[in-house]
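Asker: Here it is: the structure, laid out below.
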Amino acid sequence: MATHPPSSGGRDFVTIFKTGSVDRDDYPELTEHLLEGRTQLASETGYLMKFGDVSHRGLTPFDVASLHDVPAYPLPHPALESLPAHVRADLEQDGAVQMFASYDRESHQFEDVVLAWEEQEFLERIAELIAGDLSLHEAVDWTVVEEAGRYTVAQWADIRGVTEDAVRSNINSAREKLLAEEDREPTGEPA
């Protein structure tokens, strides 16, 4: 059994999830399965990671965590610290994240990290908003905070390294532009 996560040189689909303890008396079969399937019995960070196939993208992090044929690896501190702030915030808040990233197993560092939900629909929506007259910051702040509800204003401002007022200003400006755009669109009703 592999003792290190795969390193293909490209980006992998990675699921990181919080670990918990399993009572051997309450769940003897699960305990036995976990002991057989893991090369290390503890995670210094409290998180495990699984490197899956892109076909697993449709599964929730908890579904991926329960896949018995995909090995789980303890997430080392350097790997956790190499994650971008917004990814660590999601992990702390939700207990799990799914992302595309390159993993250097020698230095235990993630690079080129993109959350799975960010990759396609998120980028398409931002491009659509920019084409509709929003600035990049307005489009990103609006999409992340208002539409996706991924973060609060305070959390997102901290991640971006800007003030909460800056994020609120971008969101309010985006709201005004979007409402003005709706007013300009024909309703199809006779005047």
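Asker: Only residues in the range 76-89 that are closer than 10 Å to Leu115 by Cβ count as the first member; pair them with residues that are open to solvent by 30 Å² or more (accessible area, probe 1.4 Å), Cβ under 6 angstrom, at least 6 apart or cross-chain, and list the lot.
Answerer: Taking only residues 6 or more apart or on different chains, the pairs are His86/Ile159.
Asker: While we're looking at this one, here's another question. Does the range 42-74 hold any residues that are over 19 Å from Arg11 (Cβ atoms) and small (Gly, Ala, Ser), and which are they?
Answerer: Ala42, Ser43, Gly46, Ala65, Ser66, Ala72
Asker: So, one more: Could you run through the range 127-165 and say how many residues are surrounded by 15 or more Cβ atoms within 10 Å (Cβ to Cβ) and either within 23 Å of Gln93 (Cα to Cα) or hydrophobic (A, V, I, L, M, F, W, C) (or both)?
Answerer: Result for the range 127-165: 19.
Asker: What number goes with the only condition from (1) open to solvent by 30 Å² or more (accessible area, probe 1.4 Å); (2) within 16 Å of the chain's Cα centre (by Cα); (3) farther than 30 Å from Leu179 by Cβ that Tyr103 does not pass?
Answerer: The single condition Tyr103 does not satisfy is (1).
Asker: I've got another one for you. Restricting attention to the range 107-126, does a residue exist that is among the aromatic types (Phe, Trp, Tyr), touching a residue at least 12 places away in the same chain (Cβ under 8 Å), open to solvent by 40 Å² or more (accessible area, probe 1.4 Å) and more than 15 Å from Tyr47 (Cα to Cα)? Steps first, please.
Answerer: Quick first cut of the range 107-126, residues among the aromatic types (Phe, Trp, Tyr) only: 110, 117, 122.
Then drop every residue that is not touching a residue at least 12 places away in the same chain (Cβ under 8 Å), which leaves 110, 117, 122.
Narrowing further to those that are open to solvent by 40 Å² or more (accessible area, probe 1.4 Å): 117.
Next, from what is left, pick out any that are more than 15 Å from Tyr47 (Cα to Cα): 117.
Checked the range 107-126: at least one residue is among the aromatic types (Phe, Trp, Tyr), touching a residue at least 12 places away in the same chain (Cβ under 8 Å), open to solvent by 40 Å² or more (accessible area, probe 1.4 Å) and more than 15 Å from Tyr47 (Cα to Cα).
Asker: Any chance the range 44-57 includes a residue that's open to solvent by 30 Å² or more (accessible area, probe 1.4 Å), modelled with pLDDT of 85 or more and among the acidic types (Asp, Glu)? Before you say what the answer is, go through the steps one by one.
Answerer: Kept after step one, since they are open to solvent by 30 Å² or more (accessible area, probe 1.4 Å), are these residues of the range 44-57: 44, 53-57.
In the following step, the residues that additionally are modelled with pLDDT of 85 or more were identified as none.
The answer is no; no qualifying residue exists.
Asker: Could you identify the single residue in Val22, Val64 that is in contact with a helix residue (DSSP H, G or I) (Cβ under 7 Å, 6 or more places away or on another chain), at pLDDT below 60 and β-branched (Val, Ile, Thr)?
Answerer: Exactly one residue qualifies, and that residue is Val22.
Asker: Could you say whether any residue in the range 75-87 is more than 11 Å from Val14 (Cβ to Cβ), of a type in the set (Ser, Thr, Tyr) and crowded, with 18+ Cβ neighbours inside 10 Å? Break it down stepwise before answering.
Answerer: Start the filter on the range 75-87 by keeping residues that are more than 11 Å from Val14 (Cβ to Cβ), which leaves 76-78, 80-82, 84-86.
Filter again for of a type in the set (Ser, Thr, Tyr), leaving 82.
Narrowing the set further to residues that are crowded, with 18+ Cβ neighbours inside 10 Å leaves 82.
Checked against the condition, which is being more than 11 Å from Val14 (Cβ to Cβ), of a type in the set (Ser, Thr, Tyr) and crowded, with 18+ Cβ neighbours inside 10 Å, the range 75-87 yields at least one hit.
Asker: For the range 146-157, give me the residue count where each residue is in contact (Cβ under 8 Å) with a residue 24 or more places away in the chain and not in a helix (DSSP H, G or I).
Answerer: Residues that pass the stated criteria total 3.
Asker: Okay, next question. Exactly one of (1) modelled with pLDDT of 85 or more; (2) open to solvent by 80 Å² or more (accessible area, probe 1.4 Å); (3) in contact with a Phe, Trp or Tyr (Cβ under 7 Å, 6 or more places away or on another chain) is unmet by Glu92. Its number?
Answerer: (3)
Asker: Still on this structure, please answer the following. Output the number of the condition that Tyr151 fails; it satisfies all remaining conditions of (1) within 21 Å of Leu59 (Cα to Cα); (2) modelled with pLDDT under 85.
Answerer: The failed condition is (1).
The values are calculated or read from the model by the stated rules, or taken from the named source; none is laboratory data. A quick note: this is a predicted structure, and the numbers were derived from the prediction, not measured. Ideal geometry is used to build each Cβ from the backbone, glycine not excepted, and the neighbour counts take in all protein chains shown. The protein model used for the area step is the full one, side chains on, heavy atoms only, and it has no ligands, DNA or RNA in it. Shrake-Rupley method; radii C 1.70, N 1.55, O 1.52, S 1.80 Å.
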